[in-house]
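Reviewing the structure listed below.
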Amino acid sequence: MSTKPRERKQQQRSLLTQQKLIDAAIEAFAENGYKGTSTRDIADRAGVHHPLITYHFRNKEQLWHAAADRVWSSFREELTAALAAERSASPRQEMARIVGTYVRYVQRQPALHKLMTQEANVPNARLEWLAETHLKPFHAILFARVQALQADGIAPPGDPVLLANALRLSAGSLLALTLEVRVTSGFDLESDEAAEALTALLMRLFFPG
């Protein structure tokens, strides 16, 4: 009897376990940070035996990298698709797509912002890796559009780096505090209408020209 079907099933189980562990790690690291998260907590969230973490990932550090890479790579894919949808878009339309994609993604996956916030408290190698691998490439896209819109008089004058970061953090921080906003004001940031309204508001505030 051929062992190929059995091997395929084992591979599928292995991939499923890795997926569960990464999903659980994203959730745990976003909530509690790297130091506040144990591999046992991740295993419990994933519903798998604790030794499977070291089987699939050497240690907690490698699992953190896999989790952060999954979150940011998925966002980059969505952003690339959004910008490629219409090549003839104006600079302001392109910026609206960037902002809208960011808002909708962080709305669904707040770990995009929370993982960064958790690591930004003190200098560390994980923050440096996150910046070099994902944050700087995204910021370069944002920065270039901000400069173009400032040149056209659509974005307000001032340091474009400061403006780009203010835009990114305004959206990310607000969506990361969805529960607080709901408790304090009763506003639901998880709806499609909220994503559209927030995108439109950010565009009016940051690009009024």
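What follows is calculated from the coordinates using simple rules that are stated; it is not laboratory data. Bear in mind the structure is a predicted one, so any value in this text is a computation, not a measurement. Cβ sites come from the backbone with ideal geometry, for glycine too, and all protein chains shown count toward neighbours.
Miscellaneous remarks
- Net charge of the neighbourhood of A140, taken over other residues with C-beta under 15 Å away and scored Lys/Arg +1, Asp/Glu -1, is +2.
- Build a GNM of the chain with springs between Cα atoms under 10 Å apart, and of H113, H134, H50 the one that fluctuates most is H50.
- Listed by Cβ neighbour count within 10 Å, with the fewest neighbours leading, T101, T184 appear as T184, T101.
- Rounded to whole Hz, the Karplus (6.51, -1.76, 1.60) HN-Hα couplings of region 90-107, x for glycine and proline: 6, x, 5, 5, 4, 5, 4, 5, 4, 4, x, 5, 4, 4, 5, 6, 5, 4
- Pairs spanning more than 19 Å between alpha-carbon atoms, out of K20/K136; K114/K136; K35/K60; K20/K60: K20/K136.
- Distant alpha-carbon pairs in region 4-206 (separation over 22 angstrom), percent: 55 percent
- Contact order normalised by residue count of region 28-154, Cα under 8 Å, 6+ apart, percent: 30 percent
- Cα centroid separation, region 105-131 to region 1-51: 21 Å.
- Residue order, fewest to most beta carbons within 10 Å, for L167, L177, L162: L162, L177, L167
- Residue of A164, A81, A111 that the Gaussian network model of the chain assigns the largest fluctuation, springs spanning Cα pairs under 10 Å: A81
- ³J(HN,Hα) computed for each position of region 9-24 - Karplus, 6.51 cos²θ - 1.76 cosθ + 1.60, integer Hz, glycine/proline x: 5, 5, 5, 5, 5, 5, 5, 5, 5, 4, 4, 4, 5, 5, 4, 5
- Debye equation applied to the C-alpha atoms of region 91-158, log10 I(q)/I(0) at 0.12, 0.13, 0.17, 0.20 Å⁻¹: -0.41, -0.47, -0.75, -0.92
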